[in-house]
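Engineer: Input: one structure, supplied below.
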Amino acid sequence: MGWNELNITTQYPLMKYIHNGDYVYFVHSFMAYPSDDELIAYCEYGQEKITAVVAKDNVMGCQFHPEKSGAIGKKILLAFKEMVQ
C-alpha cells in the first residue's frame, strides 16, 4: 500500500503518456497473477514483483488507483478516454 514506481514491460495504448519510474498510488494489498503476455507494468516491493497494469484483448486493469495517483493517474485516464472515443 502507498506510492510506488511503475516498471513498464510492454508498450500499450493505455500507458502512452506514462514512463518507467512514474509513481502511482496503491490502496490495498490484493494482487493478480497474469501471464507474461498480459502484464503491462509492475512495481517492486522488496524482492516481490507486484502486478500494476494488465491487458488482454479489450479488457484492461490497474492494480493501483488512477484516481488517487495525481497527474500520472490523470494521464492514464486520458489515454483510456482516447482509446474508447
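Engineer: Would you work out the relative contact order for the chain, in percent, from Cα pairs under 8 angstrom that are 6 or more residues apart?
Structural biologist: Working: 145 pairs, mean separation 27.2, N = 85.
Reported relative contact order: 32 percent.
Engineer: Given 20 °C and 1.002 mPa s, compute D for region 2-84 with the Stokes-Einstein relation, Rh being the Kirkwood radius over Cα pairs; round to the nearest whole µm²/s.
Structural biologist: Working: Rh = 12.6 Å.
Approximately 170 µm²/s, per Stokes-Einstein.
Engineer: Please compute P(r) over all alpha-carbon pairs of region 27-68, binned at 10 Å starting from zero, and give each bin as a whole-number percent.
Structural biologist: Binned Cα distances yield the sequence 28, 57, 14, 0.
Engineer: Give me the lysines in straight-line cross-link reach of LYS56: C-alpha distance below 20 Å, same-chain residues under 8 apart excluded.
Structural biologist: Hits, sequence-local ones excluded: LYS16, LYS81.
Engineer: Along the positive direction of the dipole of the chain (beta-carbon charges: Lys, Arg +1; Asp, Glu -1; about the Cα centre), which of PHE26, ALA79, MET1 reaches farthest?
Structural biologist: ALA79
Engineer: Aspartates and glutamates near LYS49 by alpha-carbon distance under 20 Å, same-chain residues fewer than 8 away left out - which ones?
Structural biologist: Straight-line reach from LYS49, under 20 Å: GLU5, ASP22, ASP36, ASP37, GLU38.
Engineer: Order the peptides 25-36, 6-17 from the highest to the lowest mean number of other Cβ atoms within 10 Å of their residues. Show your work: numbers first, answer last.
Structural biologist: Values: 25-36: 11.8, 6-17: 16.1.
Result, highest mean first: 6-17, 25-36.
Engineer: Okay, helix-only estimate at 222 nm for the chain: each DSSP H run of n ≥ 4 adds -39500 (n - 2.57), divide by all residues, round to 500 deg cm²/dmol; what do you get? Show your work: numbers first, answer last.
Structural biologist: Numbers: 1 runs with 15 residues, N = 85.
Mean residue ellipticity, 222 nm, calculated: -6000 deg cm²/dmol.
Where a number appears in this text, it was derived from the coordinates with a stated rule and is not lab data. All of these numbers come straight from a predicted model, not from anything done at the bench. Note that we place each Cβ from the backbone using ideal geometry, even for glycine, and neighbour counts take in every protein chain shown.
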